[in-house]
Amino acid sequence: MSQAQTAAQANETRELPYVAAINEAVRTVLTEQPNAFVAGEDVAGAGSVFGYYRGLLDEFGDGRVVDTPISEEGIVGLGVGAAATGLRPVIDIMFMDFMGECMDEIANQMAKMRYMFGGSASLPITVLTMSGAGMNMAAQHSQSLEVWLCHLPGLKVVMPSTPYDAKGLIISAARDDNPVFVALNKMSLRLKGPVPEESYEIPIGEANVVREGTNFTIVTYSRMVHESLKAAEELAADGIDVEVIDLRSLQPLDTDTVIASVKKTQRAAVVHEAVRFAGLGGEIAAQIQEHAFDYLDAPVARVGAPFSPVPFSPALEQSYVPNAAKIVAEVRALLGA
Amino acid sequence: MSQAQTAAQANETRELPYVAAINEAVRTVLTEQPNAFVAGEDVAGAGSVFGYYRGLLDEFGDGRVVDTPISEEGIVGLGVGAAATGLRPVIDIMFMDFMGECMDEIANQMAKMRYMFGGSASLPITVLTMSGAGMNMAAQHSQSLEVWLCHLPGLKVVMPSTPYDAKGLIISAARDDNPVFVALNKMSLRLKGPVPEESYEIPIGEANVVREGTNFTIVTYSRMVHESLKAAEELAADGIDVEVIDLRSLQPLDTDTVIASVKKTQRAAVVHEAVRFAGLGGEIAAQIQEHAFDYLDAPVARVGAPFSPVPFSPALEQSYVPNAAKIVAEVRALLGA
Amino acid sequence: MTAQPTDDVLLDMHRRMVRIRTFEQEAGKLAEDGKIPGALHLYVGQEAVAAGVMTHLSDRDWITSTHRGHGHLIAKGGEFGPMFAELFGRATGYCKGKGGSMHISNMDLGMLGANGIVGAGPPIAVGAAFSCKTQGEGHAAVTFFGDGASNEGSFHEAANMAALYRLPMVFVCENNGYGEYTPQANHQAIVDVADRAPGYGMPGVVVDGMDAVAVYEAAGEALRRARAGEGPTLLECKTYRFFDHVGVRGMGLSYRTDEELAEWQQRDPIALFEARLAELEILDADRAQAVHDETLAAVRAGIEFAEASPLPDPSVLLDDVYA
Amino acid sequence: MTAQPTDDVLLDMHRRMVRIRTFEQEAGKLAEDGKIPGALHLYVGQEAVAAGVMTHLSDRDWITSTHRGHGHLIAKGGEFGPMFAELFGRATGYCKGKGGSMHISNMDLGMLGANGIVGAGPPIAVGAAFSCKTQGEGHAAVTFFGDGASNEGSFHEAANMAALYRLPMVFVCENNGYGEYTPQANHQAIVDVADRAPGYGMPGVVVDGMDAVAVYEAAGEALRRARAGEGPTLLECKTYRFFDHVGVRGMGLSYRTDEELAEWQQRDPIALFEARLAELEILDADRAQAVHDETLAAVRAGIEFAEASPLPDPSVLLDDVYA
Ligand SMILES: Cc1ncc(C[n+]2csc(CCOP(=O)(O)OP(=O)(O)O)c2C)c(N)n1
Ligand SMILES: Cc1ncc(C[n+]2csc(CCOP(=O)(O)OP(=O)(O)O)c2C)c(N)n1
Ligand SMILES: [Mg+2]
Ligand SMILES: [Mg+2]
């Protein structure tokens, strides 16, 4: 647990659900930054289909909370052009799955403009989007496609697991002069946790050790943090004392924290909800064995979704999405326990 | 070298450049499959900006070699809809960088339709596209974005390094009842090699050991196969006898061939032109340490592009793109040589 | 112009509309009872569009649909049993439970799927129309999409390509005045989506989407053109959804007034059509009621079939990813 | 309607056109000599469009450009030295050599970059126009794009959004009859791209793109509307590129006839304009020649500057990726 978070929890017992923390973060951004505005589909009148912009239209007016047509490429282009010319857009892509409609503006414009222009353009854009399975929304509304973004120099990518992190990371993202993607999690919308009322940042690029342990490291992020913590409880019974690292930021990646932990515990697994093959877990596992080869007692394990689209039927989706039981099983298999 | 290739080389001394092998492959496909057609920007009248469809319009007519508007999403949609309803499209996406314009039709339609429909739809689509840097085409015409595709269940992905493989893999792709991406390499267009006149397949999912070696394995694909072979020659002088594996197919990935090699050589590097971070090299390195942990004498190294967009200036692009010298340096550093 | 619909065609359209309405109402109830997982976008209010268009199509003609796809599939011949089974995520569903409401489809009926991606359908329909043209057997493709979807670039690219290649295709815009919770005036500066047609070189036609006969006639002409090689048409049907964007609540919504809903309900496409059929002495109230009753019985049987069906076994999770 | 251009404006436009022509011709020669790496898309033939529009803009107005962007940058005030340096990949280039021809840009001049992605500019210009509107200082954004680009979905989405928000923006379509090697008739079923404007609720205007005054007047009216809060205009300029899609060869191309080229060259925008200026007794042949000569000298000085400039040091490779 980071210092800031510990302090915050001491001083502050107010609990908010994830959705309200997002709302408060965006309200803070709009209040603090006169050049900030929110744009996206159904963000104004409806306050987003997830409800996290509710009230903002009334508070800030339709010049700063802007409903758009269903035009993802246009929306991201709006963000790129507005950012380059002096505003600080908060762009909403309703579901992460819809990035396919705007990957050009993301990958070829937003990520590269500063570099292609020799540093002369600044792109202070925050993109909020929704990831994750578990709500029977089938193949096109349940994906975790963060690896597409992490592979693109010029972007930053964060994925908050708690209300506290959601608020702090959104505020940090909006203060950053780079494009930052904040991929939220739909199963976590009602998850409650302590959230200070004041404005605060969570540094982008710093992982959070959410559980200390001595002989196994789980590196994870987003909703899988909670499943990993559950798994850790269960594994404790086997005498496996698991350290759980919530990466929070995937790009930049806090390699130091991960490596320091693995050097201590000597065994590790990476856990994410995204499809395992070519997911970010591969990068992290590769980095661990690069930097801590001589410390490792076992290969770095990976837990991720199997190689299929997300199925609709609850009966199938349950076997598809990683969870505590699967993490426990994977760790036990790895350790031959 | 595969059996088929050895046999072919024995019987056949005709050499063709990569570009002509592609041309011959597509001609073969159009000849063999009455339901096949080619569609894309400037594929008919101009025979593609890379020249690989030259002559096909005259030979097969404008019903089977179709110039499209500049509408990548429309073009891929044309492929998806035509394939689902009985044709066998060969779709051209001029540069791989332009996938951003059509990732929805690729990721959410093409890759998932069979699954979402419970297996009732068949999508026999071949997509030809052009990857790679080295020609001073800057940030938006030089990328290697194969990891986006490899992470999508439902797609196959191949990247041929030689004229022989280009022809065989295109023919296999077109005979496959799944969507197959064939990512070509622009620096290789004039590369010559033996190409049999007859029609032949290269099985998708089988790697090719292009150089046998005893104490180091380089896993690579596309143009980096040639750089890796050069590196292997140089490393031979250090007493490092490198086995070079040309994956040819990235999805499915021939893990068996890779693991068998690493178990023999005990040390490995993965080399690709794509940005190193979150590139396919992470997946491969992670798999190697998963499956051959006890055999490894050193961490699996990775060579890839650094974390920036592709720069325009030749002075910078040269330091950006991986090459034999960088591979040699990486291997030496790994081995402390 | 297409001939006026015969009595048989009128009765056929009536049956299709009632089948949609009944299915959707029962599906809505099941959703409210928590029996249908995921998101459910219902078609109630728009039945005249699906019926008026689909009556011209055979199983060999193709359609692409939207997130609001049940009505299209029913009008194209979908059976209640496997449809409910799909909505319930059962192994006997049209997609073996892998697709659900947003991806419900049936290739044998020429139905290329509901789609969770707004605007994804038109380019796919271009491909289907390209197949129809290549095969040369007079088949056509129809793409359904909303007013909201008409702002996606994919619609634009598809419309341009269809006109360029003179494909046997019809673009049916179901303009129900809203994209989710955003009224049309807040998503485009035009009133008639059909005004976009001349920009592609195709005719644009506006029709009353609550009037099944008007839709039937306009769609007939568009399909005649399509099949005759005269190219695509953009047919805009002005309609309204009686329920919320997701789920069944129709009244008391913050983004539209109850008065607006009530006005449109005055022009309920089924009530309007039944009044007309009664006037023409083709279908009296009793026989109309009989159609409703039979349909409800069939819907109930479909629900029973679905409820009695097994869930997919987890062992099939990785099937159907590849051929 | 905008007033007729004053003599000073006419001379200014002339100078801009000559600057573009001279730069592009010399750049073409350098490319043929192998001195410019990568792909070079030249603007020769289309100068009246850039000049006619840009004469209305200040550095605080924004433009987005295309792969064929040098002309736009020059007309917006770009200097030859850092432009050639960029084309050569030198550290003194506008983008420090990181962008090259396809990404040449200058934020201080309000030029949001050439772009290697066809159709990427219009959505970015929507964002710039949104800034202008928010800032409320009367600035505007102009997006240049080709006939080919008008088929990208991005154009459609941008046009709809600009009209919806009544943004201070002008869509300038440079219709040169081809997208790469594909003639317009093979990429869209319409003749005037401006016909797409009513579908977004904005005016569409067709103008002779070889006539700088005609462009100037039409652009003036479009920008007046934009700045007055009356919303965007789609201004289509019919023009022609005298060279090939890439590089300088103009004659003997397989996809167009030499006769067609010759016909358009009859209407060379600079020759036409100089004849008119001579007729109006604003600029005689000698003074026109002097402009050409001075410009050539400036271009040569720019080339010398570029050639004398250092290549970027490899140590800067990873700079400028992040703030
Ligand atoms: C690409 C994409 N963007 C956004 C959404 C979210 N979404 C689902 S339905 C919808 C509204 C569609 O409006 P319209 O096309 O008018 O169809 P209607 O719901 O009115 O039938 C939106 C925005 C989506 N599913 N896909
Ligand atoms: C998204 C995308 N698709 C295709 C290309 C390849 N390409 C470069 S220029 C061009 C033609 C553009 O035509 P038009 O818009 O008319 O501009 P012009 O070249 O005539 O100035 C094409 C297809 C590209 N750069 N980007
Ligand atoms: Mg609608
Ligand atoms: Mg053009």
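At q = 0.07, 0.08 Å⁻¹, what base-10 log of I(q)/I(0) does the Debye formula yield for the protein assembly as shown when every alpha carbon is treated as an equal point scatterer in vacuo?
Taken in order of the listed q values, log10 I(q)/I(0) reads -0.70, -0.93.
In a Gaussian network model over chain B where Cα atoms closer than 10 Å are linked, find which of B:225, B:147, B:271 has the largest mean-square fluctuation.
Answer for the Gaussian network model of chain B: B:147.
With 16 Å as the cut-off, how large is the P(r) tail for the stretch B:208-335, expressed as percent of Cα-Cα pairs?
So the pairs more than 16 Å apart make up 58 percent of the total in the stretch B:208-335.
Which distances, in nm and shortest first, link the residue B:318 label point to the same label point in every other copy, taking 7 Å along Cα→Cβ?
Values, ascending and in nm: 6.2.
Give me the net charge of residue D:236's neighbourhood, meaning all other residues with Cβ under 11 Å from the Cβ of residue D:236; Lys, Arg count +1, Asp, Glu -1.
In short, -3.
Using the basic label-point model (7 angstrom from Cα toward the beta carbon), what is the residue D:59 to residue B:27 distance in nanometres?
5.8 nm
Using Cβ counts within 10 Å as a stand-in for footprinting exposure, how do B:248, B:88 rank, fewest first? Mind dumping the intermediate values first?
Numbers: B:248 26, B:88 23.
Least to most surrounded, the residues fall as B:88, B:248.
Calculate the spin-label point distance for residue D:254 paired with residue D:135, positioning each point 7 Å from the Cα along the beta-carbon direction, and give it in nanometres.
Taking the simple label geometry, residue D:135 and residue D:254 are separated by 4.8 nm.
From the C-alpha coordinates alone, can you work out the Kirkwood hydrodynamic radius of the stretch B:174-254, in Å?
One decimal place: 14.3 Å for the Kirkwood radius.
Can you pull the Kirkwood radius for the stretch C:125-184, inverse mean 1/r over Cα pairs, to one decimal in Å?
12.2 Å
Could you work out the Kirkwood radius for the stretch C:149-250, taking every pair of different alpha carbons, averaging 1/r and inverting it, reported in Å?
Roughly 14.3 Å, rounded to one decimal.
Just add up the charged neighbours of residue D:211: K/R +1, D/E -1, any other residue whose Cβ is under 9 Å from the Cβ of residue D:211.
+1
Using only alpha carbon pairs under 8 Å that are at least six residues apart, calculate the relative contact order of the stretch B:123-202 and give it in whole percent.
So the answer I get is 41 percent.
With only alpha-carbon atoms in the gyration tensor, what are the semi-axes of the equivalent ellipsoid for the stretch B:149-218, in Å, largest first?
21, 18, 13
How about the stretch A:72-139: which GluC sites (Glu not before Pro) there lie in a loop by DSSP and see at most 16 other Cβ atoms within 10 Å?
none
Using 0.36 nm per residue of separation minus the Cα-Cα distance, give me the extension gain between residue D:11 and residue D:301 in nm, one decimal.
Working: separation 290, 0.36 × 290 = 104.40 nm, distance 2.25 nm.
Additional length available on full extension: 102.1 nm.
Below 8 Å between Cα atoms, with a sequence gap of 6+, how large is the relative contact order for the stretch A:3-194 in percent? Before the final figure, lay out each step's value.
Numbers: 381 pairs, mean separation 49.7, N = 192.
Computed over the stretch A:3-194, the figure is 26 percent.
Using a Debye calculation, one point per C-alpha and no hydration shell, please list log10 I(q)/I(0) for chain A at q = 0.06, 0.15 Å⁻¹ in order.
-0.20, -1.25
Sequence gap at least 6, Cα distance under 8 Å: using those rules, report the relative contact order of the stretch C:1-151 to the nearest whole percent.
Over the stretch C:1-151, the number comes to 22 percent.
Cut-off is 10 Å between beta-carbons; in what order do D:67, D:103 appear when sorted fewest neighbours first?
Final ranking by Cβ density, sparse to dense: D:67, D:103.
For label points placed 7 Å from Cα toward Cβ, what is the shortest-first list of nm distances from residue C:280 to its copies?
So the distances to the same position in the other copies read 6.6 nm.
Using a basic spin-label model with each label point 7 Å from the Cα along Cα→Cβ, how many nm lie between residue A:215 and residue B:333?
Taking the simple label geometry, residue A:215 and residue B:333 are separated by 3.6 nm.
Using the number of other C-beta atoms within 10 angstrom as an exposure proxy, rank C:205, C:49, B:180 with the fewest first.
Neighbour counts put them in this order, fewest first: C:205, B:180, C:49.
What is the Cα radius of gyration of chain C over 2.2 N^0.38 Å, N being its residue count?
Relative to the rule-of-thumb radius for its length, chain C sits at 0.95.
Check each of the GluC sites (Glu not before Pro) in the stretch D:79-138 and keep only those in coil by DSSP with at most 14 other C-beta atoms within 10 angstrom; list them in order.
Passing sites in the stretch D:79-138 are D:137.
Principal axis extents for the stretch A:66-110, Cα atoms only, whole Å, descending order, please.
29, 25, 14
Less than 27 Å apart at the alpha-carbon level, and either on another chain or at least 8 residues along: which lysines does that give for residue A:230?
Within the straight-line cut-off, residue A:230 pairs with A:167, A:186, A:192, A:263, A:264, A:326.
In whole Å and largest first, what semi-axes does the C-alpha gyration tensor of the stretch A:3-194 yield when each eigenvalue is scaled by 5 and square-rooted?
Details: eigenvalues 117, 72, 61 Å².
They are 24, 19, 17 Å, listed from largest to smallest.
From the label point of residue A:199, set 7 Å along Cα to the beta carbon, how far off in nm is each other copy's matching point, shortest first?
6.7
Checking the cross-link filter: which lysines have an alpha carbon closer than 25 Å to that of residue C:238, excluding same-chain neighbours under 8 positions apart?
Partners within reach: C:76.
Just tell me how shielded D:101-113 is by partners: mean number of partner chain Cβ atoms within 10 Å of each residue's Cβ, no decimals.
Averaged over the peptide's residues, the number is 5.
Only the coordinates and a few stated rules stand behind these numbers; no lab work does. The structure presented is a predicted model; accordingly, all values stated were derived computationally and were not measured. Quick reminder, even Gly has a Cβ in these numbers, built from the backbone with ideal geometry, and neighbours come from all protein chains shown.
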